[in-house]
Structure formats: structure tokens, C-alpha cells
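Undergrad: I'd like to ask you about the structure that follows.
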Amino acid sequence: MKDTTILGVDVGATGFKGGLVDVKTGSMLTERFRFDTPQPATPSAMAYTFRSLIDHFDYSGVVGVGFPAIVHRNVAGSASNIDKAWIGTSISETFGRMRDVSIYALNDADAAGIATMNFGTGRSHKEDGTVVMITIGTGLGGAMFLDGELIPNFELGQLYLKGMDIIAEKFISNKVRKDNDMDWKTFGKRLNKYLTHVNFILNPDLIVLGGGGSKYFVDYKKYIKCGCEVKPAEMRNTAGTVGAAVYAYQRHHRKVAAV
Ligand code: BGC
């Protein structure tokens, strides 16, 4: 296998998706394989699922993991939609046990953003400008890029909107839409309220929407008037997987070069 072929894993609160990625072109070399995320999503239960994914691909080597939490140096710093036991737990050590893998973990929205900036909708501002990526899934993920460089762990789903006593991701997400059987008008207006706030505080050149909720953009785009250009991600399903693999490749080579 070429050293530019890396396993990317997109860990979500509801599904684990992984596949082999060509990190030079950003394309998937295999179909993505999916497992349900165990509930409760404890470190040991998720490690078991992760190992099943490794075994499915019969893979050893560098693995990129997009994880639905704040991630500092491979350690989870929050647990909004997964088991609280993750807080302070090393993702690379927990997942890497018993397999021949070098794991590089990052926040899942940051992973999706990396793919978007390199191979997708964000390319227009890779050299110049600020781009915010919002992933609309079980939770709301946020990623911020300045001239193509990631500023990690922008927890934009945790914001409080004016006059509200719940965080933004409990007001608007793909899960909130499904749980409440929401029509597109209600969804679009709620999302617009949120994006208007995000635009007001960050003033990006572009907001890219990703995650499951972005694939219906045509159904609600007429309600989005937040004062900033908003586009759906071109790489809808694969962005998190591709971005995690690209990140791991870059980190690994930086580390190898430093030895
Ligand atoms: C988490 C974020 C994550 C987002 C999307 C939120 O609940 O706090 O870290 O990026 O969900 O999974």
C-alpha cells in the first residue's frame, strides 16, 4: 500500500464511518464502511467498534480519527453527545490498544473542514480569507480557517443565542429536526437565526454547511439570509473521513521528520 493511502475514520455520536483515502487527491479508495456507535458511547465500547473497523480493512499503519468532542493532543476535552467518561481520556491510546496503528485524532468538524478547504467548497478562500464550517448532525460542529490554516476546536454548537437558555445545538441540528418532525421553513428559520449570530461574532468570508443536514440545502436555502455567503459542502458524506486521513498523514510526517 502506498504511504499516501491512509485510513480515515469519522466517529459520530450515531455512526462510525471509515475508509481508505488517497490523501494527495482527497478521494476515497474504498467504500466507507459503517458501524452504529454503541450506546452508551463509552471509551471501551467505542474502542471495540474501532477495532472492528480496523479488522474490516485488515489495516495497520497511520489512522486519522475525527472525534465528536474538543480534542487536544489526542485527548478528548468534552463529551456533549458521547459518554462523559471520555473527558480527559486519550483517544489514540484507547483506540490503539491491541492493534498495530498510529492514531492521530482531531475534532470531527475540524476534520470535515480540512477536506473542504483542500478539496471542496472552501478552496476559493484557501489562500486568503476566513471560512467557517458548520456541520449539522447529531450535534452542531464548528471549524474556523484563516488563509487555509485551521484554528482548532471552535465549539460553535455550544453558543447560547440571545434570550435562550439552551445551547445552539439543542435548538437546531439534524437530530432536533428529525426528533421534532420539523418542516423546512421552521428548520431554515432556526438555522438562519443561528447563522446570523455566528456571522455577527466571527464575520467570515464564507460559511460552509456540512454534515447530514446540509444535503437538503435546496429545501431551506431561501430562509438563509444571515449576511454572509453560505454554501453547502461539495463533499457531503466523505469530508470527515477524508479530512481525518489528511490530518493524520500531515501530523505523522511532521513527527517522523522531527525524529
Ligand atoms: C461537540 C463538538 C462536535 C459536534 C459535532 C458537539 O456536540 O461538542 O465537539 O464537533 O458535536 O459532532
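The values are calculated or read from the model by the stated rules, or taken from the named source; none is laboratory data. Computed from a prediction, not measured in an experiment: that's the story for all the values here. FYI the Cβ positions are ideal-geometry reconstructions off the backbone, even for glycines, and counts take in every protein chain you see. Remember, those area values only see protein heavy atoms, side chains included, never the ligands or the DNA or RNA. Shrake-Rupley method; radii C 1.70, N 1.55, O 1.52, S 1.80 Å.
Undergrad: If you scan segment 50-66, which residues turn out to be open to solvent by 30 Å² or more (accessible area, probe 1.4 Å) and at negative phi?
TA: R51, S52, D55, H56, F57, S60 - these are the residues of segment 50-66 that are open to solvent by 30 Å² or more (accessible area, probe 1.4 Å) and at negative phi.
Undergrad: What number of residues in segment 151-197 are of a type in the set (S, T, Y) and closer than 11 Å to I136 by Cα?
TA: Total satisfying the criteria: 1.
Undergrad: Further question: Do any helices (runs of 4 or more DSSP H) entirely within segment 183-259 hold 1 or more residues that are of a type in the set (A, V, I, L, M), in contact (Cβ under 8 Å) with a residue 60 or more places away in the chain and surrounded by fewer than 20 Cβ atoms within 10 Å (Cβ to Cβ), and if so, which?
TA: It comes to 184-202.
Undergrad: For segment 151-175, what are the residues that are closer than 14 Å to P204 by Cβ and open to solvent by 40 Å² or more (accessible area, probe 1.4 Å)?
TA: I151, F154
Undergrad: Any residue at all in segment 143-150 that's among the acidic types (D, E) and either open to solvent by less than 50 Å² (accessible area, probe 1.4 Å) or within 16 Å of the ligand (Cβ to nearest atom) (or both)?
TA: no
Undergrad: Among the residues of segment 72-84, how many are in contact with a Ser or Thr (Cβ under 7 Å, 6 or more places away or on another chain), open to solvent by 40 Å² or more (accessible area, probe 1.4 Å) and modelled with pLDDT of 95 or more?
TA: 2
Undergrad: Return a yes/no flag: does segment 4-20 have any residue that is away from the ligand (no atom under 16 Å from the Cβ), open to solvent by 10 Å² or more (accessible area, probe 1.4 Å) and not hydroxyl-bearing (S, T, Y).
TA: For segment 4-20, residues away from the ligand (no atom under 16 Å from the Cβ), open to solvent by 10 Å² or more (accessible area, probe 1.4 Å) and not hydroxyl-bearing (S, T, Y): present.
Undergrad: Given the options A69, A105, A47, name the one that is modelled with pLDDT of 95 or more, more than 16 Å from the ligand (Cβ to nearest atom) and open to solvent by less than 30 Å² (accessible area, probe 1.4 Å).
TA: Only one candidate passes the filter, namely A47.
Undergrad: Has segment 21-38 got any residue that is among the acidic types (D, E), surrounded by fewer than 22 Cβ atoms within 10 Å (Cβ to Cβ) and modelled with pLDDT under 95?
TA: Within segment 21-38, one or more residues are among the acidic types (D, E), surrounded by fewer than 22 Cβ atoms within 10 Å (Cβ to Cβ) and modelled with pLDDT under 95.
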